[in-house]
Amino acid sequence: MKTKQCDRCSKKASISLEYGPHHYCEAHFTKFFDNRVKKTIRKYKLFKPGEKLLVAVSGGKDSLVVLHLIHKYYSRSNEIEVLIIDEGVKGYRNKAITTAKKHCKEKGIKHKVISFEDEFGITNDDIMPLLKQNPKLGGTCAFCGTMRRHIMNKYAKKIKADKLITGHNLDDEVQSFVMNVFNNDFSRLIRTGARAGIIEHVGFVKRIKPLYETPEKEIIAYCAFNEIEHYSQECCPYSWSAKRNEFREMLNNFENRFPGTLFSTLRFNEQLKDNLKVSKEKKKEFSEKLKACSKCGEPTEKKFCNTCELIAKLQDEKKKTKKSKTKSANKKYNKKLTCATTKYNK
């Protein structure tokens, strides 16, 4: 097979993007990648100069790439802080947290680690046995995601951040869209996007996604080409139970067979939402329904927010059972669907 040449110079191409198709050497791929992220920020008006940015960093490829780019291009125009959440998965989470803290120290970025244990008095290692005991409560990822969003929003308000940045990428966004369609969850569908949510409210710090138009495989390649150290040994040992895995596998298969599927699906989602825009009156109605949670003070339409309700369910489940030693991370996860599935091979 004839070796591809970079589209921008005479060097040998180090990566081919089949949806283009585009062929780039390492230097021109990096430029292409950086420019697309900057364009996403401008296109969706994600933040302005002078705004304080809180970046949620896990230690994985997505969050460390977004931190790298935000620091590289916007550290002079915006104040940047980092939040690292420790969900409490022994033998897994501490490795990624160490990597995240290392990046922050090297860049001189102020960072804070908040644990589930300190915030809620429970960890993912505590939650998993309870959910296995009573599957009707839901899945680990549902609990973990709700609790993480709770901490992110609460801490963002505490430090008076204007925007909360997450590492969600193109694959994540398309998976969420398709899941919402399959689940007939219209309310969640209209809240997705580069700027999450549909209303502006003092109780919520706007969550934004600079990697919204960036494929996961290209993020992995970017890390390799730019030597961005990140944790990639395995996905969370509890993620084997997530429904999202099935959608990820399905969409990866489609993208491999029909390059450009992810971008096409994202554009369809955007066109759909453009034609189903929520009126100002409806947004005002949603906003007026929000009140402070009776327990934690976070915004909610009910007496208690989702997070406090979930914690209460877990506490009730604990009371029903005898105290037992916390089980170690469940090894029965689907290796076929770990992070290695989406790795780009040079």
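Bear in mind these aren't lab numbers, they're just calculated from the coordinates by the rules spelled out. Here the structure is a predicted model, which is why all the values come from computation and not from measurement. As a convention, Cβ positions derive from the backbone with ideal geometry for all residues, glycine included, and neighbour counts pool all protein chains shown.
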**Prompt:** Which peptide among 56-65, 72-81 comes first, and what is the full order, when sorted by highest mean count of other Cβ atoms within 10 Å?
**Reply:** 56-65, 72-81
**Request:** Mind scanning K12/K95; K217/K313; K38/K291; K45/K110 and naming the pairs with a C-alpha gap bigger than 27 Å?
**Result:** K12/K95; K217/K313; K38/K291
**Request:** Would you please classify the overall shape of the stretch 121-205 from the alpha carbon gyration tensor, given that a ≥ b ≥ c denote the square roots of the eigenvalues, rounded means a/c under 1.5, and beyond that prolate means a/b larger than b/c while oblate covers the rest?
**Result:** oblate
**Request:** Given the peptides 192-199, 39-46, 167-174, arrange them by the average over their residues of other C-beta atoms within 10 Å, most packed first.
**Result:** 167-174, 192-199, 39-46
**Prompt:** Roughly what % antiparallel, to the nearest 5, for the DSSP beta bridges in the chain?
**Reply:** 30
**Item:** Virtual paramagnetic centre 7 Å along Cα→Cβ of T30, amide N under 13 Å, in the stretch 211-243
**Value:** 222-229
**Prompt:** Which FRET efficiency value, to the nearest 0.05, is calculated for K39 and K318 with the Förster distance at 45 angstrom and r the Cβ-Cβ distance?
**Reply:** 0.40
**Request:** Could you work out the Kirkwood radius for the stretch 228-299, taking every pair of different alpha carbons, averaging 1/r and inverting it, reported in Å?
**Result:** 16.9
**Inter-label distance, nm, simple model (7 Å from Cα along the C-beta direction), K90/M250** = 3.7
**Asked** Under 12 Å Cα-Cα from K52, which aspartates and glutamates qualify once same-chain neighbours fewer than 8 residues away are excluded?
**Response** E79, E81, D162
**Prompt:** How much net charge surrounds Q5 when only other residues with a Cβ under 13 Å from its Cβ are counted (Lys, Arg +1; Asp, Glu -1)?
**Reply:** +4
**Item:** Estimated translational D of the stretch 1-65 in µm²/s (Stokes, Kirkwood radius over Cα pairs; 25 °C; 0.890 mPa s)
**Value:** 173
**Entry for semi-axes √(5λ) of the Cα gyration tensor in Å (calculated from the structure that is shown) out of (1) 33, 24, 21; (2) 27, 24, 22; (3) 43, 25, 19** = (1)
**Item:** Estimated distance in nm for a label pair at N226 and K101, the labels positioned 7 Å out from Cα along Cα-to-Cβ
**Value:** 2.5
